[in-house]
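Working notes for the structure below.
The values are calculated or read from the model by the stated rules, or taken from the named source; none is laboratory data. Because the structure is predicted, anything quoted here is derived from the model rather than measured. Here Cβ is always computed from backbone atoms with ideal geometry, including for glycine, and neighbour counts include all displayed protein chains.
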Amino acid sequence: MSDIIINGGRRLSGEISIQGAKNSVLPVLAATLLCGGESVIHNCPGLSDVATSVKILKHLGCRCEKENNTITVDAGEVSGCDIPDKLMREMRSSVVFLGAVIGRTGRAVISSPGGCELGPRPIDLHLSALERMGVTIREEHGYLNCTAENGLRGAEIHLGFPSVGATENIILAAATAEGDTVIHNAAKEPEISDLADFLNRAGARIYGSGSDTINIYGVEHLGGTEHTIIPDRIAAATYMACAAVTGGRITLENMMPSHMVSILWSFKECGCGVVSCGKSVTVTSPERLRRIPTVRSLVYPGFPTDAGPIAVAMLSVADGTSVFVENIFENRFRYVDELKRFGAKIKTEGKTAVIEGVNRLSGAECKATDLRGGAALVIAALCAEGESRIGEIHHIERGYDDIVKTLKGVGADINYSRE
Ligand code: UD1
């Protein structure tokens, strides 16, 4: 596995076309299982998590073909209902297959997702909702054995927290359940609406996605359909930050600025010029980034937890002290120790990071601790003086479609190491 080598200090300029959203393509690929025919999904980013989803679909008996950014899934014959532990471990979000597999086969056997790099990631909300829909769940030897003996039935569900993954699993299970389902306090993220749009095209009847109450009227069967994945708002935020810290000017194409209001607002607060025009946004950086007194991660439309590490990296070179409060995950600051290797001055306590902006960072050897934490290191390295080496880049490849090529295209001195 190679590392990423960056010689910092180059001013970035040019255009970047934003990849399809990781957090949309994974549930949509899982949803293709529910469709009795062939689904054609466009704008699929080239990510290791997408490759893992395809492996899971093939393991379950689907025929999958990939041509450029289009994946065709023929789910006419589904032969399995288990997801091997190895594939579950490759991709934590494989838990989103749970609702789809039960919806299609009436059974699912998956290994328990357990803890991960962001701290414990419980799935109690997913499981209790499925139980309400007629699923019996037995936990044995680290495996979850789920059976809907009398079929799935619609239910009224109130989520104690608007969990993105739980909302997706309930939508998937409810789409072809008998009767109607209502989700109260549902997640409102744009990726939920993308999943609902895909399923509705395939014949589902899902209303209210994007709001906190979603109604799903179960239909007998779904057919294959064609769908284009929405742009990735977190990848967009990452590339905007790369421009912002290097004194650059980048135009991002194929974006959905309306999905990024809180992110765009934060860039403006930092003193960046942000001009949206249709599906493009141009970001211009100021002489010196301004501090932001407090940024808090919240559920959509609040500031996304996934953009937290990106904001922290940016604020580490701002003109004063900023505070970032992580409200979604318990253990999301592991990357901070790596950022400190660049000379960033950050103190964390519990869910709070206090970032004292420094004039300049210096090149460092570091390791990605998780996907977005890895992106934070790329941002730091781009503005640091001298050479940086980032290891464990498999984390970054889970969510960014060839980040090296993309950043090279706008003038970064970035390469894979040769050994
Ligand atoms: C989260 C993010 C999502 C992001 C994704 C990928 C939020 C609300 N969700 O989604 O935007 O795209 O990570 O990084 O920002 N929880 C439980 N029990 C459950 C499910 C969740 O207690 O059954 C808790 C989690 O521990 C966490 C919070 O709810 O504290 C958010 O979880 P959830 O939205 O489900 O996470 P993801 O679906 O992974």
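Mind checking which residues of region 111-132 are surrounded by fewer than 23 Cβ atoms within 10 Å (Cβ to Cβ), closer than 16 Å to Tyr143 by Cα and at pLDDT 90 or above? If you could, list the steps in order and put the result at the bottom.
The initial filter retains those residues of region 111-132 that are surrounded by fewer than 23 Cβ atoms within 10 Å (Cβ to Cβ), namely 111-125, 127-128, 131-132.
This time we only want the ones that are closer than 16 Å to Tyr143 by Cα, so: 111-115, 121-124, 127.
Hits for region 111-132 are Ile123, Asp124, Leu127.
State the number of residues belonging to region 206-249 that are out of contact with any strand residue (DSSP E or B) (no Cβ under 8 Å at 6 or more places or on another chain) and not charged (D, E, K, R).
Within region 206-249, the first condition is being out of contact with any strand residue (DSSP E or B) (no Cβ under 8 Å at 6 or more places or on another chain), and the residues that meet it are 209-211, 220-221, 233-235, 237-238, 241, 245-247.
Next cut, not charged (D, E, K, R) only: 209-211, 221, 234-235, 237-238, 241, 245-247.
Residues meeting the conditions: 12.
All but one of (1) surrounded by fewer than 18 Cβ atoms within 10 Å (Cβ to Cβ); (2) in contact with a Gly (Cβ under 9 Å, 6 or more places away or on another chain) hold for Cys81, so report the exception by its number.
(1)
Could you look through region 151-205, keep only residues that are in contact with a strand residue (DSSP E or B) (Cβ under 8 Å, 6 or more places away or on another chain) and of a type in the set (S, T, N, Q), and pick out the one that is nearest to the ligand (Cβ to nearest atom)?
Thr167
If a residue must be charged (D, E, K, R) and either modelled with pLDDT under 95 or closer than 14 Å to Glu168 by Cα (or both), how many such residues does region 194-211 contain?
So the answer is 2.
Given the conditions (1) in contact (Cβ under 8 Å) with a residue 40 or more places away in the chain; (2) within 21 Å of the chain's Cα centre (by Cα), which single one is not true for Val50?
Among (1) in contact (Cβ under 8 Å) with a residue 40 or more places away in the chain; (2) within 21 Å of the chain's Cα centre (by Cα), Val50 violates only (1).
What number of residues in region 57-79 are in contact (Cβ under 8 Å) with a residue 24 or more places away in the chain, in a loop (DSSP other than H, G, I, E, B) and not hydrophobic (A, V, I, L, M, F, W, C)?
Step one: of region 57-79, the residues in contact (Cβ under 8 Å) with a residue 24 or more places away in the chain are 57, 59-60, 62, 69-76, 78.
Restricting the remaining residues to those that are in a loop (DSSP other than H, G, I, E, B) gives 60, 62, 69, 75-76, 78.
Applying the additional criterion that residues be not hydrophobic (A, V, I, L, M, F, W, C) yields 69, 76.
The qualifying residues number 2.
If you go through region 277-313, how many residues are surrounded by 22 or more Cβ atoms within 10 Å (Cβ to Cβ), in a strand (DSSP E or B) and away from the ligand (no atom under 16 Å from the Cβ)?
Total satisfying the criteria: 2.
Against the condition over 17 Å from the mean Cα position of the chain (by Cα), under 30 Å from Ala311 (Cβ atoms), within 16 Å of the ligand (Cβ to nearest atom) and not assigned by TED's automatic domain parsing to the domain that holds Leu371, how does Asp212 come out, does it pass?
Working: over 17 Å from the mean Cα position of the chain (by Cα): yes; under 30 Å from Ala311 (Cβ atoms): yes; within 16 Å of the ligand (Cβ to nearest atom): yes; not assigned by TED's automatic domain parsing to the domain that holds Leu371: yes.
When the stated conditions are applied, Asp212 passes them.
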